[in-house]
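Structure record follows, encoded as structure tokens.
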Amino acid sequence: MDTIRATIMIVDDDPAISTLISHQLRSLGYRTVCLRDGLQALQHLAVVQPDLVLLDVMMPRMSGWDVCRQIRASSDAPIILLTAKDADADVVTGLNAGADDYVTKPYRIAQLQARIEAALRRSQQRARPRPAAHAGTASAGSRSSPPETTLPQTPEVVPPKMSVTPPRPRLGATLREERLRRGVSLYQAEQVCRVRWDYLQAIEQEQWEYVPRARRQSAIRAYAEYLGLPLRYPQPKRASFASVAAPLAAVALMVVALVVYFF
């Protein structure tokens with residue numbers, strides 16, 4: 001396999017990030033195909049036949065981990081996860097899902113290039129010979145060239161509902177929609193909000209556990225103010241005073257009753 005002619009599928013829901021990665025890799029001689037979510041990646045996998053997949057973890061509709069498992073079930077193409085989640089448990093989850101490597105954001109293009117070339121070399125070494133083709137079909141050695149970035153128009157497959165979405169607008173979806181409407185990348189928003197871009201991405205996808213609890217409310221407020229949106233949407237639940245005071249009052253009444261009864 002000539003790594004310079006390798007086709008790399010980039011799967012990231014942020015068009016600014018995927019465009020940047022694509023530009024960097026194409027300048028190095030790679031052919032790239034950019035897809036915006038995991039379902040598109042699964043739908044076009046057989047058409048594109050990528051030599052390697054760069055896969056973001058934090059995506060809507062399907063997480064990168066789930067996409068990785070499904071790609072691995074039908075393809076031997078190397079998978080490199082690109083994400084800001086660098087905790088040991090996240091790395092282990094990604095590797096157990098079938099990923100070949102794990103690169104955390106932000107990264108240097110030289111490091112990413114080295115990991116891509118290493119993954120392609122390993123893929124070539126472990127490649128097994130394909131069975132001979134049946135009569136009347138193309139020979140096993142022939143393979144149609146992967147298409148360029150422009151993909152054929154195919155009807156969108158409606159995925160099965162994985163969760164029940166409430167009818168009211170969601171805070172994260174509203175923030176993301178407004179950011180994309182303004183044409184602002186997460187990196188640009190980070191410079192103004194003074195909030196890490198991966199925290200902003202987690203807020204958009206409502207993965208609240210990713211943002212430290214001490215920073216969560218201030219980060220949401222700063223992001224909403226930057227986009228000019230009022231905070232009239234559901235926010236992460238916090239224990240109210242009433243929910244804490246009611247059990248304490250019940251315990252106090254029981255103590256008073258016992259004191260009166262015995263004394």
>> Based on this model, can you work out whether A118 counts as at pLDDT below 55 and either surrounded by fewer than 17 Cβ atoms within 10 Å (Cβ to Cβ) or not in a loop (DSSP other than H, G, I, E, B) (or both)?
In response: no
>> For the structure I just gave you, tell me whether A16 is of a type outside the set (S, T, N, Q), buried (at least 21 other Cβ atoms within 10 Å of the Cβ) and part of a helix (DSSP H, G or I).
In response: no
>> Tally up the residues in segment 180-213 that are part of a loop (DSSP other than H, G, I, E, B) and over 24 Å from R36 (Cβ atoms), please.
In response: 2
> What number of residues within segment 13-34 satisfy the criterion of being within 12 Å of the chain's Cα centre (by Cα) and modelled with pLDDT of 90 or more?
Replying inline: 0
> Restricting attention to segment 130-150, does a residue exist that is within 25 Å of S63 (Cα to Cα) and either loosely packed, with under 10 Cβ neighbours inside 10 Å or at pLDDT 85 or above (or both)?
Replying inline: yes
> Quick one: is L175 closer than 18 Å to A16 by Cα and either at pLDDT below 85 or of a type in the set (F, W, Y) (or both)?
Replying inline: no
>> With the requirement that a residue be under 18 Å from K105 (Cβ atoms) and either among the hydrophobic types (A, V, I, L, M, F, W, C) or assigned to a loop (DSSP other than H, G, I, E, B) (or both), what does segment 19-34 give you?
In response: L20, I21, L25, C34
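Does any residue of segment 214-228 turn out to be modelled with pLDDT of 80 or more, outside any helix (DSSP H, G or I) and either on the phi < 0 side of the Ramachandran plot or of a type in the set (K, R) (or both)?
no
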>> I'd like the full set of residues that are more than 17 Å from Q70 (Cα to Cα) and touching a strand residue (DSSP E or B) at 6+ places or on another chain (Cβ under 6 Å), limited to segment 92-104.
In response: Y102, V103
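The values are calculated or read from the model by the stated rules, or taken from the named source; none is laboratory data. Note that the coordinates shown come from a computational prediction; the quantities given were computed from them, not determined experimentally. Here Cβ is always computed from backbone atoms with ideal geometry, including for glycine, and neighbour counts include all displayed protein chains.
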